[in-house]
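The values are calculated or read from the model by the stated rules, or taken from the named source; none is laboratory data. Here the structure is a predicted model, which means the values were calculated and not measured. Cβ coordinates were reconstructed from backbone atoms using ideal geometry, including for glycine residues, and neighbour counts include every protein chain displayed. Accessible surface is based on the protein model in full, side chains and every heavy atom, while ligands, DNA and RNA are left aside. Shrake-Rupley method; radii C 1.70, N 1.55, O 1.52, S 1.80 Å.
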Amino acid sequence: MPSVRIYPNPASFFVKDRLIISKITIADPVVRIKKEDNSLFGAIDLSKVRPEGSVRDLAVSGVLISGIHIHNGTVIYDEGGSAELEFTGLKGDAGSPGFYFSKNNSVNFSIEGFLKNRETDFLSPVKISGKIGIDNIARARLQIDGVNISTLGDIYEKYLSLAVKEGRLDLDSDIQISKTNLIAKCLLKGEGILLKKGLDKELESPLLASFVVFFSFNNKLLKFKNIKGNLFKLILNRS
């Protein structure tokens, strides 16, 4: 069962009208995100995933919070039916370079865990770390290692499945989220790739792809820029 533990700071006893909390620990939280339509990014309203919804908003009048720790968290992205992405075993911390969360301080965060691969017990390591600045811009680095391509759901069904039968992907991405848009610089590396259309053999060289994803919160516009790499060439030649 999910639980929350609050650790007050003894300094609260010497400060009038202030509650100082050294740490909040959230254990076993479960977050489920349901898909709303069939578009590639329709599952998540990214306009609501902004720095204004950050841990800094937990600081209310008369309460000062120094840090937040998450233990054994789960995030489920439900695509409908039996298709879903599940991140499990998540542990993370959020804190400020200053003494407490406030609008005048940035917030550093780091989360590690695993992505469950579909139809297997294999877990792919996931790590995201970054900072929400005083300019209300979130900057983060996301890494996912060895995820089975079939786990990618719509991305696999609509694009990769045209040429690839099975394989694993590593993802490195630098992400920036502001009030108006999301920009992600991505690098994909494929290994153990087995091709379709009679070419049932692994590729001797790894598949590589780099690209930039731009998403506008205002008009829901999605763009892919600076597309490079032999992964896209393979997909286009066999589509």
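Answer yes or no as to whether SER106 is of a type in the set (S, T, N, Q), open to solvent by 30 Å² or more (accessible area, probe 1.4 Å) and modelled with pLDDT of 85 or more. Considered against the rule, which asks whether it is of a type in the set (S, T, N, Q), open to solvent by 30 Å² or more (accessible area, probe 1.4 Å) and modelled with pLDDT of 85 or more, SER106 comes out as no.
Out of the residues in region 125-184 meeting the condition of being among the small types (Gly, Ala, Ser) and in contact with a Gly (Cβ under 8 Å, 6 or more places away or on another chain), tell me which one is farthest from LEU115 (Cα to Cα). Looking at the filtered set, the residue picked out is ALA138.
Being modelled with pLDDT under 80 and within 20 Å of VAL31 (Cβ to Cβ) is the filter here, so list the residues in region 1-17 that pass it.
The initial filter retains those residues of region 1-17 that are modelled with pLDDT under 80, namely 1, 11-17.
Matches in region 1-17: MET1 only.
Confirm whether SER82 is surrounded by fewer than 18 Cβ atoms within 10 Å (Cβ to Cβ), polar (S, T, N, Q) and at pLDDT below 95. Judged against the criteria, SER82 is a match. Checking PHE41, PHE87, PHE101 one by one, the residue that is surrounded by 16 or more Cβ atoms within 10 Å (Cβ to Cβ) and modelled with pLDDT under 85 is PHE101 and no other. Quick check on my filter: what residues within region 136-188 are part of a helix (DSSP H, G or I), among the hydroxyl-bearing types (Ser, Thr, Tyr) and open to solvent by less than 30 Å² (accessible area, probe 1.4 Å)? Within region 136-188, THR151, TYR156, SER161 meet the criteria. The set of residues from region 124-135 being within 18 Å of the chain's Cα centre (by Cα) and open to solvent by 60 Å² or more (accessible area, probe 1.4 Å) comprises LYS127, LYS131. Among the residues of region 4-21, the ones that are open to solvent by less than 50 Å² (accessible area, probe 1.4 Å) and without any contact (Cβ under 8 Å) to a residue 60 or more places away in the chain come to 4 in all.
Screening region 75-133 for strands (runs of 3 or more DSSP E) wholly inside it with 3 or more residues that are basic (Lys, Arg) returns no ranges. Against the condition at pLDDT 75 or above and on the phi < 0 side of the Ramachandran plot, how does LEU222 come out, does it pass? Yes; evaluated as a whole, the condition is true for this residue.
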